[in-house]
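The values are calculated or read from the model by the stated rules, or taken from the named source; none is laboratory data. As the structure is a computational prediction, the values presented were derived from the model and not from experiment. Heads up, the Cβs are rebuilt from the backbone with ideal geometry, glycines too, and the neighbour counts pull from every protein chain shown.
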Amino acid sequence: MHVDVGNALAVEASPGVPEDALERLDDRVRDAHEHIVAGMTREEFGYAALNLPKTADPAAIERAVEPFADSEVLLNVGIGGSALGAATLVDALGGDLDAHFLDNVDPEHVTALLEDIDLSQTVVHVVSRSGTTAETLANFLVVRDAMEQAGVDWTERTFVTTGPEGNLRDLADEHDLPALDAPEGVPGRFSALSTVGLPAAALAGHDVEAILAGAREGRAALTGSLFDCPAYAYGATAYALDVRGAGINAMMPYAESLETFAEWFAQLWAESLGKDGLGQTPARALGATDQHSQLQLYRAGPRDKLVTLVRAREREDRGIPDTELEGLDYLAGGSLGDLLDAEFEATEASLAESGVPSVRVEIPRIDERSLGRLLYDFEAACVLAGELYGVETFTQPAVEWGKDAARGLLSGERGLPEKTELVVE
Ligand code: PA5
């Protein structure tokens, strides 16, 4: 992965981070790196995620999906970290599989989806590390019921990934469902490169070993300096800009297939770093589409943003046909890819010209290896940023509060705090 932070250093950038400040920050990066490596060596909770490129077992994942290889449809039932890594990989890499990520309990959406797909050709992957998440279990019960009603033997078409305990593990044991173990010591949002995120990619026909090989490159590139580690360059610069006022980080990939990556990044960044009154708010944008909407605000609105521009250096291209229309000579002989690249570079220049910091992230192409590297490097960037903020990167007490409150409300065991109302109708 290639990271260029030049436009965050520019003297005109506001907020910006002077290069000598980054040099001073590098001492803290070195200490943080030592702490991260110690955590990885001891396989401590959370840090164990950065070992997944070595500890994940691609052969076991391939074996688990093999009986479902002829399925035409994938229904991944899970939420948060149990959905977004898989969705990012499948949306980026494509493939013939009709993949759906059932992560919300919107009844209209669930009903429409179940009416739309052929359940007799569907493989269901139920994913929950805790095995107790209400949305996932409720959705699975609905899917199971729909399969029974359609005369499909759901036990033949379902496999799970879960931890050692919980309702999902009990269900798998009771019905003898094939079960993969969620990796120990790895929070959901850091589990894309494991039995949580990789089975969907394997079912879609992608090479999970190549994904892990890319991630291994990222692991090998972790050094004690932000000046020679792309992941740390990103994490340290985003942190340094945030403490100088860039409280918003707009993730803007220039590829439709990376739109879900921005969603994955948003979860990673928000749920890991949003603690103790700290954290940088992720925003999601898509180039070039959002040049015609959000860019106005990014360029001319409050000086509280970092814009992260992501692209692949190579891609399949499509020529723009010649036209008889006047004034379009500048498109002649060009391609959509040329246009997209020009848009990318023009946006970067336009932000720099108005003093808005941006960071450029490039991967060689959108393939298994580059995706593995991209996900790994952003996870490492997040872990580093967490060390610099001094927050507990791997916990999510606010999310757990919401889960408990919803369960308590439904069971009648817990009410909600009094709410002030000011109703206008
Ligand atoms: O990152 C996290 O820990 C969360 O987003 C979880 O992945 C999410 O809440 C789902 O949890 P579980 O996998 O236990 O169902």
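Side notes on the structure shown:
- Members of the range 103-114 found to be under 25 Å from residue 156 (Cβ atoms) and within 16 Å of the ligand (Cβ to nearest atom), listed by number: 103
- Residue check for residue 152: away from the ligand (no atom under 15 Å from the Cβ) and touching a Pro at 6+ places or on another chain (Cβ under 7 Å): no
- Residue, surrounded by the most Cβ atoms within 10 Å (Cβ to Cβ), within the range 105-132, restricted to residues that are under 20 Å from the mean Cα position of the chain (by Cα) and under 15 Å from residue 86 (Cβ atoms): 127
- Failed condition for residue 196, given (1) more than 13 Å from the ligand (Cβ to nearest atom); (2) in a loop (DSSP other than H, G, I, E, B); (3) buried (at least 22 other Cβ atoms within 10 Å of the Cβ): (1)
- Within the range 155-193, the set of residues being away from the ligand (no atom under 12 Å from the Cβ), in contact with a strand residue (DSSP E or B) (Cβ under 6 Å, 6 or more places away or on another chain) and in a loop (DSSP other than H, G, I, E, B) comprises 157, 177, 178.
- Residue in the range 332-340 that is under 25 Å from the mean Cα position of the chain (by Cα), part of a helix (DSSP H, G or I), surrounded by fewer than 21 Cβ atoms within 10 Å (Cβ to Cβ) and in contact (Cβ under 8 Å) with a residue 60 or more places away in the chain present: yes
- Among the residues making up the range 115-149, those that are away from the ligand (no atom under 11 Å from the Cβ) and assigned to a loop (DSSP other than H, G, I, E, B) are 117, 118.
- Considering residues of the range 218-247 that are in contact (Cβ under 8 Å) with a residue 12 or more places away in the chain and β-branched (Val, Ile, Thr) only, the residue nearest to residue 358 (Cα to Cα): 237
- Matching entry among 319, 386, 355 (being within 16 Å of the ligand (Cβ to nearest atom), within 30 Å of residue 294 (Cα to Cα), in the same structural domain as residue 19 (by TED's automatic domain parsing) and touching a Ser or Thr at 6+ places or on another chain (Cβ under 9 Å)): 386
- Tallying residues that are away from the ligand (no atom under 16 Å from the Cβ) and under 22 Å from residue 142 (Cβ atoms) within the range 91-102 yields 4.
- Restricting the range 265-276 to residues that are assigned to a helix (DSSP H, G or I) and away from the ligand (no atom under 11 Å from the Cβ) leaves a set whose member that is nearest to the chain's Cα centre (by Cα) is 265.
- Which listed residue is over 30 Å from residue 212 (Cβ atoms) and more than 16 Å from the ligand (Cβ to nearest atom), from 332, 405: 332
- If the condition is being under 24 Å from the mean Cα position of the chain (by Cα) and not in a helix (DSSP H, G or I), then the range 343-373 contributes 357, 358, 359, 360, 361, 362, 363, 364, 365, 366, 367.
- First in the range 124-137 and on the phi > 0 side of the Ramachandran plot, second anywhere and among the polar types (S, T, N, Q) and more than 7 Å from the ligand (Cβ to nearest atom), Cβ under 6 Å, 6 or more apart: 131/162; 131/167
- First in the range 267-295 and in the same structural domain as residue 242 (by TED's automatic domain parsing) and more than 21 Å from residue 88 (Cβ to Cβ), second anywhere and of a type in the set (D, E, K, R) and not in a strand (DSSP E or B), Cβ under 7 Å, 6 or more apart: 275/392; 291/343
- Residues of the range 356-371 that turn out to be crowded, with 22+ Cβ neighbours inside 10 Å and closer than 22 Å to residue 226 by Cβ, as a count: 7
- Here residue 279 meets the list (1) assigned to a loop (DSSP other than H, G, I, E, B); (2) away from the ligand (no atom under 16 Å from the Cβ); (3) not β-branched (Val, Ile, Thr) almost entirely, failing just condition (2).
- First in the range 151-170 and more than 19 Å from residue 197 (Cβ to Cβ), second anywhere and assigned to a helix (DSSP H, G or I), Cβ under 6 Å, 6 or more apart: 152/119; 152/120; 154/144; 154/147; 155/175; 167/137
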